[in-house]
Amino acid sequence: MTIRVLPPHIARLIAAGEVVSRPLDVVRELIENALDAGASRLEIEIEGGGLGLVRVRDNGAGITADGAALAAVRHATSKLEPDADAVERVTTLGFRGEALWAAAQAGELHLVSRPAAQVGASEVQAQGDDVTVRRTSAPAGTTVTVRRLFARLPARLRTQAPAATEAREITVLVGRYVLHHPGLHWRLTVDEEARLTHAPSDHRGAVASVYGPLNANRVLRVQADGICGVISGPELTRARRDRMHFSVNGRPIVAPPELEKAVLEGYAELLPAGVAPLTVLDIQVAPEDHNPNVHPAKQVVALADLAGVAARVREAVRTALASHPLAQARLAPALSLPTPPQTPRERANFPALRLSGVFQGLYLLAEGEGDLWVIDAHAAHERALYEQFARELGAALPLELPEPELLHLTPEQMARLAERGAELRGWGLTIEDFGAGLARLRTLPATLAGLPVPRLHQQIIDSALGDHPDPRRDVLARLACAPALKAGMLTLERGEAVLAALNACEQPWSCPHGRPTTLRMSERELAHAFGRRGTRDVARGRDEAERVGR
């Protein structure tokens, strides 16, 4: 094997490919340059998926006339002091001095820049190692344009993604920066069509710009030492974690699993398994406590105290949820068994049962009136919860949401809202017509607001404005089902509580959806099934009652 030293021009192409391997890389590097320059307004344009043109215009500090000649020179940077210690305390998003140089190696670079205090601007044109600098006139700030990306590198050009795919990925990337830098003005134009615009606001406003106002109305603010941002309420989740976003010192990162896990642990039992909330969290650490120089795209950072940061994130999420009135359910036990009514009811001929055992983690085996009883614990628990909700509904003042939630309703739902609005308000559900197919959810019944039910608001709306003739019954039946005992959750202790709750029900024989809660079998039926004859083959329990009744 022969070892050779690569010619400089080959080494430059390889090094450039580490920084710019696709148009998205150019966009990222130019955005970070603008942010480091203190820009408050960024305008990004792309054409042909970025292969034809990438342009980023900002109103940042600009490049002085003396520094313009070095702008496209490799490892020339204003962001890092030329000493070894500076590498250990990076305070900027860019620091290697390779972005403009790599863009010039991969395409045709055109840069125009002027500091606000300078008379006249500098214009830089660079392609490969050919750099031309001249004077021009321009507004304060910097405009960088990269054209014909990879035109001189046909092998790399052939491996690029389709233009539509790259444009989508760039839109996602710009959205990430909007989420983590919401106080700036952003505009992304794709093939002369505005794709994403954002006016300066807070994290909630950024969520509205990127994911829409309906999602923005369902987020909670997170504010803690070194952590700020938003998380979605428990009713807004996704099956994937693609909307869990983190930044470290302003840099959007690919989050380590420890941070994602910390957020999910902060929700605790509020989230069912397999779903994730919308998350936008900005984390601040000391410059020396993180290393952004472990990945060519700088999307992966190393944290000196990852466990400590994860603990801070977990606690910040818990605090944000605990302070929200709709998330108080996390402070209650994971399984809620109904409380008996204050006033006694007619017993509905339901016997006192003695629990004997549990079958398959779902069925109770009990004895009563001389017979064997099999109770479906889910159906029984569901019936007890339904009657408890019915008793408590309207007993307390409705809970007013801190910020009304914007909803999108179908035409059928809008028509039913007009018909049922007064009825819904009577039991604490206030939905206001907002026009254009939108409505505002203002209050919820207090007894339902804290239930640990996924997509709670949506389930209430769907039932209240559904085609069921009795919306109140439909809402309560649906919400009683979700928290009721499931297979595998049943224990003897919980079984005793379910039997007591079922015994207190006004109608204990079926769940709210009409399924039976109990199955009764006499000893005589068992004896016949086993072929027994003799002293055990006598009428007892139900059989005896039926014989006497005749």
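Points worth noting:
- Averaged over its residues, the stretch 23-83 has an accessible area of 40 Å² per residue, based on protein heavy atoms and a 1.4 Å probe.
- Over the C-alpha trace of the chain, radius of gyration and Dmax come out as 32.7, 115 angstrom.
- Per-peptide average of other Cβ atoms within 10 Å, ordering 468-475, 409-416, 275-282 highest first: 275-282, 468-475, 409-416
- Computed 3J(HN,Hα) for the stretch 37-46, one whole-Hz value per residue from the Karplus formula 6.51 cos²θ - 1.76 cosθ + 1.60 where θ = phi - 60°, is 7, x, 5, 10, 9, 10, 10, 10, 10, 9, glycine and proline marked x.
- Membrane-span-like helices in the chain (whole DSSP H runs, Cα extent of at least 27 Å along the helix axis, mean Kyte-Doolittle hydropathy of at least -1.0): none found.
- Within the accessible area of the chain (1.4 Å probe), percent carbon and sulfur: 53
- Test item: Cα-centred dipole of the chain, Lys/Arg +1 and Asp/Glu -1 on Cβ, debye: 800
- S510-A304 FRET efficiency (beta carbon distance; Förster radius 51 Å; 0.05 resolution): 0.25
- Accessible area (Å², per residue) of the stretch 171-217, counting only protein heavy atoms and a probe of 1.4 Å: 40
- When each of the peptides 202-209, 184-191 is scored by the mean number of other C-beta atoms lying within 10 Å of its residues, the order from highest to lowest reads 202-209, 184-191.
- Positive end of the dipole of the chain (Cβ unit charges, origin at the Cα centre): among C228, P115, W427, the Cα lying farthest that way belongs to W427.
- Taking every protein chain into account, the 1.4 Å probe leaves C511 with about 0 Å² of accessible area, to the nearest ten.
- In nm, spacing of pseudo-spin labels at A395 and M489 (7 Å Cα→C-beta vector): 2.2
- Computed Rg/Rh of the stretch 343-486, alpha carbon atoms with Kirkwood Rh: 1.09
The values are calculated or read from the model by the stated rules, or taken from the named source; none is laboratory data. Please read all numbers here as calculations on a predicted model, not as lab measurements. Note that each Cβ is placed from the backbone with ideal geometry, even for glycine, and that neighbours are counted across all protein chains shown. Protein only, heavy atoms only, side chains kept; ligands, DNA and RNA dropped before computing areas. Shrake-Rupley method; radii C 1.70, N 1.55, O 1.52, S 1.80 Å.
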